[in-house]
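One structure is given below, encoded as structure tokens.
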Amino acid sequence: MSNTEQSAQLTQVPKLANGYRLQWEPAQDSFVVLYPEGMKVLSGSASEIVQQCTGEQNVAAIIKSLEEKFPDVELAKDVLDFIAGASAEGWLDV
């Protein structure tokens, strides 16, 4: 990814796409994204990212917030890759 592409991605404001909902699922012991055809079970790190994808803050702010919560880890690339992947799959709007 070029610096220009990465800079553009940092300004995006992600949120769950219409028809998708984040929910804690006790049977799965994890957060899931529900949609009409089924659900995606999220890992702990994925759920931390998706919980911040509310359409209220840009990707740069999400990364900053997560790096404050987990200060010993460089998260930018993982967050950018996750958001790009979820967007490509159609369940996260950016």
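Does the stretch 67-81 contain at least one residue that is of a type in the set (Phe, Trp, Tyr), touching a residue at least 24 places away in the same chain (Cβ under 8 Å) and over 18 Å from Ser7 (Cβ atoms)?
No - not one qualifying residue is present in the stretch 67-81.
Against the criterion of being of a type in the set (S, T, N, Q), at pLDDT 95 or above and surrounded by 12 or more Cβ atoms within 10 Å (Cβ to Cβ), Gln9 does not qualify. Filtering the stretch 35-94 to residues that are surrounded by fewer than 17 Cβ atoms within 10 Å (Cβ to Cβ), in a helix (DSSP H, G or I) and acidic (Asp, Glu) leaves Glu67, Glu68, Asp78, Asp81, Glu89. For the stretch 22-76, the tally of residues that are among the hydrophobic types (A, V, I, L, M, F, W, C) and farther than 21 Å from Gly90 by Cβ stands at 10.
Looking at the stretch 14-34, which of the residues that are part of a strand (DSSP E or B), within 13 Å of the chain's Cα centre (by Cα) and not aromatic (Phe, Trp, Tyr) is surrounded by the fewest Cβ atoms within 10 Å (Cβ to Cβ)?
Looking at residues that are part of a strand (DSSP E or B), within 13 Å of the chain's Cα centre (by Cα) and not aromatic (Phe, Trp, Tyr), I get Arg21.
The values are calculated or read from the model by the stated rules, or taken from the named source; none is laboratory data. Fair warning: this is a prediction, and the values are worked out from it, not measured in the lab. Cβ sites come from the backbone with ideal geometry, for glycine too, and all protein chains shown count toward neighbours.
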